Amino acid sequence: MFANTDWYLYNFRRSLALALRDAGHEVILLSPPGPYGAKLQSLGLEWHAAPMDRRSLNPLREIKLLRWLTQFMRAQQIDVVHGFTIKCAVYGSLAARWAGVPARVNAVAGMGYVFTSNDAKALILRPVVRSLLRLALGGKGARLILQNPDDVRLFQQAGLVDDTTIRLIPGSGVDCSRFAPTDSNLRQPGARMRVVLPARLLWDKGLAEFIDAARQLKAANKPIDLLLAGDPDPGNPAAVPEATVQQWVREGLVGWLGHVDDMPALFRSVDVVALPSYREGLPKGLIEAGASGLPLVTTDVPGCREVVTNNVDGLLVPVKNASALADALARLCDDPPLRARLGAAARTKALTEFDERIVIERTAAVYKELRH
């Protein structure tokens, strides 16, 4: 399994790796170096650091990485390569082809920065990446795992892969026994409603709209406390500067929790989870919150609308619309029974559609499909 951060492997694919290992397979995890590599190793998983800079555009460095990956796969006698995110999908698949690896699986959450941004660098890179994707994702021994129907249509329309190679699997799954409702979700009457946005601090997660909504709710004297749980991601072009976040805190608009290790405990301490994202593959934070029995407020965009059905298990608002977001949060503040109803429905959906056991079983089936 090849990802662009060890954090991703630990938080999103740890359960899959452990399940495959326990089923008797040899599992190797590969990413750039980071603090989560040691955590993966402490679980008895085999993790290696790749000499990869996820933001690099230096041709010599990239060629060196491809050569390293090819040699690594040959030395390890890999049977299946599973790449996550576009860069790892392309590089992992190309190296797998050159190393003679028979099966290539790639999980891509959306088209990524190169296809969603209109800045100059993205526009220049787009035709190059499109050609590389066709080469990397195609072929008899390839499968592409996508997380929502919008992404399936997007890849089909782009003509990047043969339709027969696409498999739709909803996200990376959630441990619904770990993320579960407790009585502490039922807060005291009259208590201020606590809302958390759990995500990397990126502009395209809707941070600007979240802060604008905070200003509107503060001006209206609504008893709502807004929180951010996550760190900036300096490796991402859409990262919010830490100084900006600190300014929001000084203005009294939000509380900033930074990185949170114990997410189940965080969800037990809040009343609502919001994610006004511009686009997602399938947002794990929302699913974890839903499994915890919390009402969800998110945007009517690909990925998010697969998790939330409006007025059933949460509230959908238009993308980049801070006023609609503020109105939705105010509505939940004014109506505790609505919060309870939506949260219970969110828990039911998580159990029936997003439990990690479902995702692990379907992913393993893709591997098995390619080994025959």
Qualifying positions in the range 6-56 - under 18 Å from residue 72 (Cβ atoms), among the polar types (S, T, N, Q) and in contact (Cβ under 8 Å) with a residue 12 or more places away in the chain: 31
Cross-chain or 6+ apart pairs with Cβ under 7 Å, the range 314-341 first and without any contact (Cβ under 8 Å) to a residue 40 or more places away in the chain, then among the small types (Gly, Ala, Ser) and assigned to a helix (DSSP H, G or I): 314/346; 315/328; 318/324
Test result for residue 141, farther than 19 Å from residue 297 by Cα, at pLDDT 90 or above and in contact with a Pro (Cβ under 6 Å, 6 or more places away or on another chain): yes
Scan of the range 131-159 for residues that are part of a loop (DSSP other than H, G, I, E, B) and buried (at least 21 other Cβ atoms within 10 Å of the Cβ), ordered by number: 147, 148
Single match in 208, 213 (criterion: more than 16 Å from the chain's Cα centre (by Cα), over 20 Å from residue 283 (Cα atoms) and either at pLDDT below 85 or surrounded by 14 or more Cβ atoms within 10 Å (Cβ to Cβ) (or both)): 213
Matching option when the condition is assigned by TED's automatic domain parsing to the domain that holds residue 149, in contact with a strand residue (DSSP E or B) (Cβ under 6 Å, 6 or more places away or on another chain) and closer than 30 Å to residue 24 by Cβ, among 108, 81: 81
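One line per residue, one yes/no per condition, for (1) at pLDDT 95 or above; (2) farther than 19 Å from residue 104 by Cα; (3) crowded, with 19+ Cβ neighbours inside 10 Å:
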site	(1), (2), (3)
17	yes, no, yes
41	yes, yes, no
46	yes, yes, no
52	no, yes, yes
59	no, yes, no
66	yes, no, no
72	yes, no, no
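One line per residue, one yes/no per condition, for (1) in contact (Cβ under 8 Å) with a residue 24 or more places away in the chain; (2) outside any strand (DSSP E or B); (3) of a type in the set (Ser, Thr, Tyr); (4) within 17 Å of residue 330 (Cβ to Cβ):
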residue	(1), (2), (3), (4)
210	yes, yes, no, yes
213	yes, yes, no, yes
216	yes, yes, no, yes
225	yes, no, no, yes
236	yes, yes, no, no
252	yes, yes, no, no
Matching residues, the range 58-90, being free of Cβ contacts under 8 Å to residues at least 24 places away in the same chain and part of a loop (DSSP other than H, G, I, E, B): 58, 77
Members of the range 11-52 that are closer than 25 Å to residue 262 by Cα and assigned to a strand (DSSP E or B): 29, 30, 31, 46, 47
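The values are calculated or read from the model by the stated rules, or taken from the named source; none is laboratory data. Worth saying up front: this structure is predicted, and the values here are computed from it rather than measured. Note: ideal-geometry Cβ built from the backbone for every residue, glycine included; neighbour counts use all protein chains shown.
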